[in-house]
Amino acid sequence: MAVMFSGCNNSKSPNGNRGALASTAAEKVYVPPGEHDEFYAFFSGGYSGNLTVYGLPSGRMFKEIPVFSQFPTNGYGYSEETKPMLNTSHGFIPWDDLHHPDISQTDGKLDGRWIFVNGNNTPRIARIDLKTFETDEIIEVPNSAGNHSSSFVTENTEYVVAGTRFSVPVPQKDISIKEYRGNFKGALSFIEVAPETGRMNLKFQIMMPGFDYDLSHPGRGKSHGWFFFTTYNTEEANTLLEVNASQNDKDFIAAVNWKKIEEYINNGGGTKMPAEYAHNVYDHSTHSAKSTIKKEVLMVDPTKVPGAVFLLPTPKSPHGCDVDPTGKYIIGNGKLSADLTIHSFGKMIAAIEAEKFDGDAYGIPILKFEDVLAGQVKSGGLGPLHTEFDGKGNAYTTFFISSELVKWNVETREVIDRQPNYYSVGHVMIPGGNSAAPFGKYAVAMNKITKDRYLPTGPELEHSAQLFDISGEKMELLLDFPTHGEPHYAAGIPAEILAPESQKIYRLEDNKHEFAALGGDETRVERHGNEVHVYMSMIRSHFTPDNIEGIRVGDKVYFHITNHEQDFDVPHGFAMIGANNAELLIMPGQTRTLVWEPGQVGVWPFYCTDFCSALHQEMQGYVRVSPANSDIKLSWSLGE
Ligand code: K7E
Ligand code: CUA
């Protein structure tokens, strides 16, 4: 292990311990059989609703983690234990559009405890535990629509933020869409994260003007305590936005002093407002999720908190909002502008202190562009979107229209290198690139269009990521690899931070599931009216019990199945013929429940779906289903 993990974030050894030998791109991405990758990379799945895990530099996919979407591969969102994770104020929602992953930080550095992601459609933030690689918590974001400026964390994971992409009436009401201007509002949400458990709590929302809030980044170092949000549609148009929201020469970056707002609410500021939003928490000891509907939110009017929110003019319809590792610079990528705009945090503070304002928007002071500008990168590229940093003073910006990755110096703002992307790049990711301490060895470009890069697979291809070696002056393209869904950003972290902590099993003695069958004698079948509860266990290579009689048409049968294995990587599956559901894939020591409502008389088999031993095909059983009025007694057995 030591050999594999050495050499990360070591700029003198650009290829880890293989550096001295690696001369070609192939050698640089080759991870020999049995060896491990140097980095984990977590890719947003966009419209897949899930998160995928890859290794870098190999580009091998390790896992898909279900977050917002039902996932038949392991039964997430189908089992009774996980259905509550997908509950919202709109009811059960089996899908979302997952955008920006961000890994928890301590002192501005990745600590590898959790990864946060946002649902862009029905506004939500999820927290995934990086010990189990499972979704542990999902909180809905009220008064919002299209939670896009998310889910970025502050320097010590004090908060994970959300910002509404679509402004809406707050609270929602039945009004004409034409009354948008002045009546629609944009909520920015600050969700506190409990330092020990990671538990999320919506601490406050800021009621902002009815712009579209696009992306955000935390301040760090000197600018810790601030958060920055790009806006577009400051025109407040409600139709044909491609024209009507592209009128203003400049939109804004909203700078939010959240420490000031914290102080304000700690002194009783803010207004409690009715709201309805779901908070779903998964408990690893009961192996079950609970959904609670919350009823109230603390709303802050920014005009009541002097010094809390300012607007920085930024050309033109900016998308990415990126803060460099030192926290000195805020970069706004005007997607309709050729130049990148770099704002100076220091100049912003000086202008605020001198009260040099250029009017206001709904009472929020606007600073002067020249007063906050550090400089611009005259790049010659087109359609700048997102920027990441290597921790050595360089920034890497993607240009969607001119399809390229441009490396530039943060202080001098000179372009150092540019490399084409195939094709139409969106985000770029450098492990730790949104932190005070990036690991500037690789950059991954996430491209939107793939045509001609892989064998054709019908009208649509998986999006292609491109891996660059950025350890030298010039970037070097090493590898194309397909990603799943549509990645909008990714987060990478050295494997040595996560791998030693990764959980191998759930201990049976810690299993507090109310329907667990822990000892062989706890397996049984109980009838309560037309509800039947089967307490079942599984171990290589049988179910206990495997013969059940006395079930009737019209019953609702709950199979509560506990996997008694205590070995790493030995799940068993459970599938029942005719169940309007997915299989269950049950981890060692875990309990899962599948509901089956038999509609037909007969003898119906169930089986294990995961090839678990030489006798996997023997891992099967039968349920006898009799007519609704049958008086056949309930019975169950194994080996009789
Ligand atoms: Cu796709 Cu970050 Cu949602 Cu830009 S966003 S690409
Ligand atoms: Cu258990 Cu196959």
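All of (1) part of a helix (DSSP H, G or I); (2) touching a Pro at 6+ places or on another chain (Cβ under 9 Å); (3) among the hydrophobic types (A, V, I, L, M, F, W, C) hold for VAL256 with one exception: (1).
Residues being basic (Lys, Arg) and either surrounded by fewer than 19 Cβ atoms within 10 Å (Cβ to Cβ) or touching a Cys at 6+ places or on another chain (Cβ under 7 Å) (or both): count how many of those fall in the range 197-243.
Result for the range 197-243: 2.
Okay, residues lined up against (1) assigned to a loop (DSSP other than H, G, I, E, B); (2) among the aromatic types (Phe, Trp, Tyr); (3) within 15 Å of THR154 (Cα to Cα); (4) under 20 Å from the mean Cα position of the chain (by Cα):
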{"position": "GLY182", "(1), (2), (3), (4)": "no, no, no, no"}
{"position": "LYS185", "(1), (2), (3), (4)": "no, no, no, no"}
{"position": "LEU188", "(1), (2), (3), (4)": "no, no, yes, yes"}
{"position": "ILE191", "(1), (2), (3), (4)": "no, no, yes, yes"}
{"position": "THR197", "(1), (2), (3), (4)": "yes, no, no, yes"}
{"position": "GLN205", "(1), (2), (3), (4)": "no, no, no, no"}
{"position": "GLY210", "(1), (2), (3), (4)": "yes, no, no, no"}
{"position": "ASP214", "(1), (2), (3), (4)": "no, no, no, yes"}
{"position": "HIS217", "(1), (2), (3), (4)": "no, no, yes, yes"}
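Within the range 93-114, can one find any residue that is over 22 Å from ALA490 (Cα atoms) and surrounded by fewer than 21 Cβ atoms within 10 Å (Cβ to Cβ)? Within the range 93-114, one or more residues are over 22 Å from ALA490 (Cα atoms) and surrounded by fewer than 21 Cβ atoms within 10 Å (Cβ to Cβ). Take the conditions (1) aromatic (Phe, Trp, Tyr); (2) within 15 Å of ILE253 (Cβ to Cβ); (3) out of contact with any Asp or Glu (no Cβ under 9 Å at 6 or more places or on another chain); TYR362 misses just one of them, which is (2).
Just the residues that are within 16 Å of ligand 2 (Cβ to nearest atom) and touching a Ser or Thr at 6+ places or on another chain (Cβ under 8 Å), please, taken from the range 615-635. Spell out the reasoning first.
Applying the first criterion (within 16 Å of ligand 2 (Cβ to nearest atom)) to the range 615-635 yields 615-621.
Residues satisfying the conditions are LEU615, HIS616, GLU618, MET619.
Residues in the range 146-173 that are in contact (Cβ under 8 Å) with a residue 60 or more places away in the chain and either assigned to a strand (DSSP E or B) or over 25 Å from GLU235 (Cβ atoms) (or both): PHE152, VAL153, THR154, GLU155, TYR159, VAL161, GLY163. The requirement of being more than 11 Å from ligand 2 (Cβ to nearest atom) and aliphatic (A, V, I, L, M) is not satisfied by VAL570.
Condition check for ILE331 on (1) buried (at least 21 other Cβ atoms within 10 Å of the Cβ); (2) under 23 Å from GLU155 (Cα atoms); (3) touching a helix residue (DSSP H, G or I) at 6+ places or on another chain (Cβ under 8 Å): one failure, at (3). Could you list, in sequence order, the residues of the range 322-356 that are without any contact (Cβ under 8 Å) to a residue 24 or more places away in the chain and over 19 Å from GLY221 (Cα atoms)? ALA351, GLU353, ALA354, GLU355, LYS356, listed by residue number. The range 346-465 holds strands (runs of 3 or more DSSP E) entirely within its bounds, and those carrying 1 or more residues that are away from ligand 2 (no atom under 16 Å from the Cβ) and buried (at least 21 other Cβ atoms within 10 Å of the Cβ) map to 364-367, 373-377, 384-389, 394-399, 404-409, 425-429, 442-447.
Residues that are among the small types (Gly, Ala, Ser) and either in a strand (DSSP E or B) or surrounded by 20 or more Cβ atoms within 10 Å (Cβ to Cβ) (or both) were ranked within the range 584-603; the one that is farthest from ligand 2 (Cβ to nearest atom) is GLY602.
Going through (1) over 26 Å from PHE611 (Cα atoms); (2) more than 16 Å from ligand 1 (Cβ to nearest atom) one by one, GLY485 falls short only on (2). Which of the following residues is modelled with pLDDT under 95 and more than 11 Å from ligand 2 (Cβ to nearest atom): ASN581, ASN547? So the residue among ASN581, ASN547 that is modelled with pLDDT under 95 and more than 11 Å from ligand 2 (Cβ to nearest atom) is ASN581.
One line per residue, one yes/no per condition, for (1) more than 20 Å from PHE345 (Cβ to Cβ); (2) hydrophobic (A, V, I, L, M, F, W, C):
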site	(1), (2)
LEU382	yes, yes
THR387	no, no
GLY393	no, no
GLU411	no, no
GLU414	yes, no
ARG418	yes, no
ASN421	yes, no
HIS427	yes, no
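Only one entry of GLU496, GLU473 meets the criterion of being of a type in the set (Asp, Glu), touching a helix residue (DSSP H, G or I) at 6+ places or on another chain (Cβ under 6 Å) and away from ligand 1 (no atom under 16 Å from the Cβ), and that entry is GLU496.
The values are calculated or read from the model by the stated rules, or taken from the named source; none is laboratory data. Keep in mind that what you see is a predicted model, and the values were worked out from it rather than measured. Cβ sites come from the backbone with ideal geometry, for glycine too, and all protein chains shown count toward neighbours.
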